[in-house]
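Read the figures in this text as sums done on the coordinates, not as results from a lab. Remember, it's a predicted structure, so these values are computed and weren't measured experimentally. No Cβ is skipped: glycine too gets one built from the backbone with ideal geometry, and neighbour counts run over all protein chains shown.
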Amino acid sequence: MKDHADILVIGGGASGMAAAITAAEAGSQVILLEGKDRVGKKLLSTGNGRCNFSNDIMAADCYYDADPLFVETVLGKNCVVELLEWLKNMGIDSKLIDGRYYPRSEQASAILDALRIRMHGAGVQVMTGEKVIYLRKIHDQFEAQTNQIIYSAGKVILATGSKAAPQTGSDGTGYVLARQVGLAVKKPVPALTSLKLNESYCKSWAGVRCDGSITLLIDQKETAHDRGQLQLTSYGVSGIPAFQVSRFASRALENGKEVKAVLSFLPDKTIDETVDYLMDRKERIGEYRLSDYLLGLLPKNLAGVMIRLSGIDKQIKVCDLTQQQVNRFASLLTSLTVSVNGTGSFAQAQVCSGGVTLESLDPVTLECKEMPGLYIAGELMDVDGMCGGYNLQWAFSSGMRAGYAAASSSS
Ligand SMILES: Cc1cc2nc3c(=O)[nH]c(=O)nc-3n(C[C@H](O)[C@H](O)[C@H](O)COP(=O)(O)OP(=O)(O)OC[C@H]3O[C@@H](n4cnc5c(N)ncnc54)[C@H](O)[C@@H]3O)c2cc1C
């Protein structure tokens, strides 16, 4: 059995839905194939269910590895305004919180509902439970085979996402389909995920949340830095600063490099300022036992780890600390060096670094240079953004671009 359309969109995530709506509104007959029983599963979990879809600061350098010119071309100069308007025309007003855009209702489900209504209105035929297992081009027609049926079309937009959060449907089969039609794929690794540390004391700090910073060292070279709330876990460190540097750690570990992280729990202070601060503290609370030296400065479990790592008898009085011992504490608090031996799994990652290489795509149309009629949208490409709405902006912008180009092309 066969079904035919002008354009097949494979994948019903943010990028696929944006592509389908744009192509259908430009006059094409569109079938969207979604492997799961419903579209937009990942979208629902974004921003903790609130959907942080864009950011006030939008620039090519918010996206990693990718050629900045490619990213700039795909996003265009006014991508944030365009997305806000596009969503507003679906009834979704937005709200800016700490530089991040959310729907006014702060419900990802509102955006998904609006996209579904808009797809319906534009005449997009949405086929759920249709996981594409094989993609090929025969003469000027593409064939996408699911377990039930072969769909054919003159154009295909591949928008299958990455391998991150496979429970939402993006299980990496998109890379398989891309390779089936001859596209080069850079090996995906988890990004926007936690760091696993090789330190036995992690169990003791589990559950602590505190202000801090992470500097990632790859083969001893400072490679990435971020600051914010650290979430210390039994296996390492999570929270946004860990997420932001994780892509570099994943890739370096994949390439067999040494990865270390330098953690600061007093990110406002230099080591010298910390020494002065701790000396002042020594004066003020000299009668305390060492076990209470960091009282009120760090969460208790973290303070306990620091005291233990200092190697100093915790029963001594604070006033008896030597200058060298105070220096040692300053170093522990501002530059605790830890070994990173892994990152969170694909299931725990928000996005992937890697994917369909950009060299094979025209940035204006997102059409594959060697395979006319095939377009790529969203996270399937080798583009990953920072945490903060950049990945959804990429998914929506690239989806709209691919949808428009596919509908406008005469081939
Ligand atoms: C927990 C979590 C929170 C996040 N929060 C944010 C956030 O707040 N802000 C932000 O910018 N980004 C966030 N992201 C990242 C963002 O969700 C993704 O970058 C974005 O959704 C990617 O969109 P996409 O359309 O390219 O892929 P996806 O949303 O993954 O959609 C791909 C779709 O294709 C379908 N599919 C896959 N293979 C096939 C196949 N063979 N046949 C048919 N269908 C197939 C999948 O089922 C899926 O529905 C978050 C991610 C996660 C996991």
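For segment 363-375, the Karplus equation 6.51 cos²θ - 1.76 cosθ + 1.60, evaluated at θ = phi - 60°, returns couplings of x, 6, 10, 6, 7, 6, 4, 8, 9, x, x, 9, 10 Hz by residue, with Gly and Pro reported as x.
This model, with +1 at the C-beta of Lys and Arg and -1 at the C-beta of Asp and Glu, gives segment 194-344 a dipole about its Cα centre of some 440 debye. Once Rg and the Kirkwood radius are both taken over the C-alpha atoms of the chain, their ratio Rg/Rh works out to 1.09. For the chain, the longest principal axis of the Cα atoms and the long axis of helix 14-25 meet at an angle of about 30 degrees. For segment 238-281, the extents of the C-alpha atoms along the principal axes are 45, 21, 11 Å, listed from largest to smallest.
Across segment 260-329 the C-alpha pair distances fall into 10 Å bins from zero in the proportions 20, 60, 20, 1 percent. When the Debye formula is applied to the Cα atoms of segment 1-84, each taken as the same point scatterer, what base-10 log of I(q)/I(0) results at q = 0.20 Å⁻¹? Each listed q corresponds, in turn, to -1.12. In terms of packing, defined here as the mean over residues of other Cβ atoms within 10 angstrom, the peptides 11-19, 245-253 line up highest first as 11-19, 245-253.
The Kirkwood radius of segment 34-139, taken over pairs of alpha-carbon atoms, gives through the Stokes-Einstein law at 4 °C and 1.567 mPa s a diffusion coefficient of 82 µm² s⁻¹. Relative to the longest principal axis of the chain, what angle (0 to 90°, nearest 10) does the C-alpha long axis of helix 300-310 take? Roughly 60 degrees, rounded to the nearest 10. Stretching residue 6 away from residue 279 to a fully extended chain increases their span by 91.0 nm, per 0.36 nm per residue minus the current alpha-carbon distance. Bridge orientation summary for the chain: considering DSSP beta bridges with both residues in this region, about 75 percent are antiparallel.
Number of Lys-Lys pairs in segment 271-411 with C-alpha atoms under 27 Å apart and a separation of 8 or more places or on different chains: 5. Assuming charge only on the beta carbon of Lys and Arg (+1) and of Asp and Glu (-1), the dipole of segment 344-409 about its Cα centre is about 180 debye to the nearest 20.
Write down the Å³ per residue value for the convex hull defined by the alpha carbon atoms of segment 194-344.
Output value, Cα hull per residue: 98 Å³.
For segment 287-397, taking the reciprocal of the average inverse distance between every pair of different Cα atoms yields a Kirkwood hydrodynamic radius of 18.7 Å.
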